[in-house]
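Here the structure is laid out as structure tokens; the discussion comes afterwards.
What follows draws every value from the coordinates through simple rules; no lab data is involved. Predicted, not measured: the structure shown is a model, and the values here were computed from it. As a convention, Cβ positions derive from the backbone with ideal geometry for all residues, glycine included, and neighbour counts pool all protein chains shown.
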């Protein structure tokens, strides 16, 4: 899998944000908020066991590799967090309890217990704000260049959650703007070997569409969130196969959307 290097002229805060292909003129902006499981030393591993720091609670396995492949295939920028979502979940607003969760599924996070307002503000300033600033700068540059832009966020999810197995393999999520999701779901028959489902295994009611609302709806961009089951992307070959399948949904949807298709009702 060929990955493009991060932009050497990334903005301040780039140590916590990865910016790839920032000047790509393709029709998308790819976000990967849970790309990394790294915990900066100053947070003392959040008191977690090694197994917990490597688990899906700390990041979205496979998501970054898929996001990078989509960025390359679509000739479009990608912005990814370089910090574990257990330190700060960049797909949550600062006032959300699960922006810095004290518990994630079955895992307690000692380093997030009883955080003070000052500690929460520090993490927001050090991790969330640089991520949002980078996204905003990319969007502003593309709007200044009159480039059509569809926001696509990439995530992965565990096949078993609170002991319950999940059959869905690809989730196509949306909030109020369903245009891109509708067009992608219309292409789902192209993937008879995949179970593709709308707003699953999560939906807007679960608070997972923050990035879509802030960076997508907030800037007038069509948007969609993609969730893939992480047991299907455990090798480079599986990541590549999943990226190809997603592109089979994304490319015709982008073509139709940019040609004026899609219903936002």
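Net length available on complete extension from residue 23 to residue 41 is 3.3 nm, with 0.36 nm assigned per residue and the Cα-Cα distance removed.
Each Cα pair under 8 Å and six or more residues apart adds its sequence gap; the mean of these over the residue count of the chain is a relative contact order of 22 percent. Semi-axes of the equivalent ellipsoid for the chain, computed as √(5λ) from the eigenvalues of its C-alpha gyration tensor and ordered from largest down, come to 28, 22, 17 Å.
Ranked by the mean number of other Cβ atoms within 10 Å per residue, highest first, peptides 26-34, 247-255 order as 26-34, 247-255. Can you give the angle from 0 to 90° between the axis of helix 236-258 and the longest principal axis of the chain, with both taken from C-alpha atoms, to the nearest 10? With both axes taken from Cα atoms, the answer is about 50 degrees. FRET efficiency for the pair residue 143 and residue 116, taken as 1/(1 + (r/R0)^6) with r the Cβ-Cβ distance and R0 = 25 Å, rounds to 0.10. Considering only Cα atoms, the convex hull volume of the range 145-236 works out to 118 Å³ per residue.
Spin-label model, residue 95 to residue 136: label points 7 Å out along the Cα-to-beta-carbon direction sit 1.7 nm apart. Computed packing ranks the peptides 234-244, 113-123, 84-94 as 84-94, 234-244, 113-123, most packed first, by mean other Cβ atoms within 10 Å. Short to long, the 10 Å bins of the Cα pair-distance histogram for the range 39-84 hold 23, 41, 25, 11 percent of all pairs. Our helix-only sum for the chain, with -39,500 (n - 2.57) per DSSP H run of n ≥ 4 divided by its residues, gives a mean residue ellipticity at 222 nm of -8000 deg cm²/dmol. When 162, 131, 157 are arranged by Cβ crowding within 10 Å, least crowded first, meaning fewest neighbours, the order is 162, 157, 131. Mind checking the angle between helix 63-73 and the chain's longest principal axis? C-alpha axes, 0 to 90 degrees, to the nearest 10. Compared with the principal axis, the helix lies near 30 degrees.
Between the helical axis of 129-144 and the longest alpha-carbon principal axis of the chain there is an angle of about 20 degrees.
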